[in-house]
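Everything below concerns the one structure shown next.
Just so you know, all these numbers are worked out from the coordinates, no wet-lab data involved. Keep in mind that this is a model prediction, so the values were computed, not measured. Counting neighbours? That spans all protein chains shown, and the Cβs are built from the backbone with ideal geometry, glycine included.
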Amino acid sequence: MERYNAKTLEKGHTFSCRACEAEVSSSFVNLGMTPPCQNHVEPENVNLHEVYYPLHAYLCDSCMLVQLDEYVSPDEIFSDYAYFSSYSTSWVEHAGRYVDMAVDRFGLGSESQVYEIASNDGYLLQHFVSKHIPCTGVEPAANVAEAAIAKNIPTEVVFFGTESANLLAKKYGLADLILGNNVLAHVPKLNDFIGGMKLLLKPDGVITMEFPHLLQLMKNNQYDTIYHEHFSYLAFFVVVNTFAKHGLDVFDVEVLPTHGGSIRIFAQHQDGPREISANVGAMLELEQEYGLFEPEVYQLFAAQVRNSKRRLLEFLIKAHDQGKSVAAYGAPGKGNTLLNYCGIGTDLIEYTVDLSPHKNGRYTPGSRIPIFHPDRIRETKPDFILILPWNLEKEITQQLEYIREWGGQCVVPIPEVRLCAQ
Ligand SMILES: [Zn+2]
């Protein structure tokens, strides 16, 4: 009996591109099977199975969008979300600086209407509320939306798209500003989402979106930012082209240090009032120089990732061979991709710690590493602490300065395993 269908195996999996609807079949990187990264396992379930899904990113040869197929339904991912943005102080500060910039640059005031899509627990909109600028949050996860409502931030519990945009427009009016931080990449129906923003925007309104930049992901080997929640891996030129299809012009772009290299784009209706900044052309050129317009550079990524996995395992194995103890810091989505892809469990990392009370006492998905309060570090004095949210390296190494008392050292896994300067 034939064990597999050779033709299917050769052709592999195909699905329709979420930006241009062409058939997608080129592999970008295959990270194996992992459970959804935000489902931290409760102690009573620790002996039960978890559902694993493929974590395989593909490239659309037609529009060059790097993407996952929709393995996990958005309802499963986002309806009870464990990530409360307010637990990251640097993220709340970043939001405060954004609001100051937006109010100043777009002249927002008490007559304006601001929408934030994926407003989480109100970490950002609270800054508009304190400036008396009308704002509405749109957040599909009821548990985090409740935290925002408790802070008197009007929040609608709904997935954003053309349908909800029409309802929002009727209830609160059209937008002077629509913003979305780390949402564009998480949207399964990209065209319906962008179409919704087009509908909700005033003729002279502005859209700003922040998202991790594919250029940085590839340059800095950030494969652990690939997870099921994160459907698209966005190059600037792909976003410009996709917005243009919906009658929206990207008129400016900025590089941000958040999340290890994000960009913020500014868009308006086609032929809107603002000039197209020189930053737009410069960013397109940067992407073209790196080779993002052609498929060849994408084909090199998988080998780079496999190499980085071997270096990390080598470090951890050597540490254990020398009788050193290793713990981790944080239980972010990216950490779960890294731990599962590299096959790291309590054999190599004894435990991790996290400030979020929603994660304490639980276990990391798949890898089943226990998550404790950060006090555990002082109690057990590990020799090495692997910082899983490496984008917060500075903030975390400062918090952990005291580990020097016993000669402890922080380590980051990305782009390559490295001891942190302390
Ligand atoms: Zn495409």
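Distant-in-sequence amide contacts of Val417, defined by a placed amide H-H separation under 5 Å and a gap of 5 or more residues or a different chain, comprise Leu312.
With the cut-off at under 14 Å, measuring from each backbone N in the range 289-304 to a point 7 Å along the Cα-to-Cβ line of Asn30 picks out 302-303. Packing, taken as the mean count of other beta carbons within 10 Å per residue, orders the peptides 93-103, 332-342 from highest to lowest as 332-342, 93-103.
Counting neighbouring Cβ atoms within 10 Å and putting the fewest first, the residues Ser62, Ser164 line up as Ser62, Ser164.
Cβ-Cβ distance of Thr14 and Leu419, R₀ of 35 Å, FRET efficiency by 1/(1 + (r/R0)^6): the value works out to about 0.20. When His213, His186 are arranged by Cβ crowding within 10 Å, least crowded first, meaning fewest neighbours, the order is His186, His213. Annotation: amide H of Cys60 within the under-5 Å range of Leu65, Val66, Gln67, sequence separation 5 or more or interchain, hydrogens built in the peptide plane.
Can you tell me which of Ala278, Ala57, Ala244 moves the most in a GNM of the chain? Springs connect C-alpha atoms under 10 Å apart. With Cα springs under 10 Å in the chain, the top fluctuation among Ala278, Ala57, Ala244 is at Ala278. In summary, the chain shows an alpha-carbon radius of gyration equal to 1.00 times the 2.2 N^0.38 Å reference for compact globular proteins. Remark on Ala175: its backbone amide H falls under 5 Å from those of Leu201, Lys202, a criterion applied only to residues 5 or more positions apart or on other chains, H modelled at 1.01 Å from N.
Rounded to the nearest 10 degrees, the inclination of helix 278-290 to the longest alpha-carbon principal axis of the chain is 40 degrees. Placing dummy labels 7 Å off each Cα toward the beta-carbon, the span from Phe293 to Asn307 is 2.7 nm.
Peptides 412-420, 263-271 ordered by packing proxy, namely the average of other Cβ atoms within 10 Å per residue, highest first: 263-271, 412-420. Among Leu217, Leu179, Leu286, the residue with the largest mean-square fluctuation in a Gaussian network model of the chain, with springs joining Cα atoms closer than 10 Å, is Leu286. Phi-derived couplings, Karplus 6.51 cos²θ - 1.76 cosθ + 1.60 at θ = phi - 60°, listed residue by residue for the range 406-420: 10, x, x, 9, 8, 9, 10, x, 10, x, 9, 4, 7, 6, 7 Hz, with x used for Gly and Pro.
In the Gaussian network model of the chain, springs joining C-alpha atoms below 10 Å, which of Ala331, Ala303, Ala148 carries the largest mean-square fluctuation? Checking each option, the largest mean-square fluctuation is seen for Ala303. Relative to the longest principal Cα axis of the chain, at what angle does helix 301-321 sit, 0 to 90 degrees, rounded to 10? Rounded to the nearest ten degrees, it is 40.
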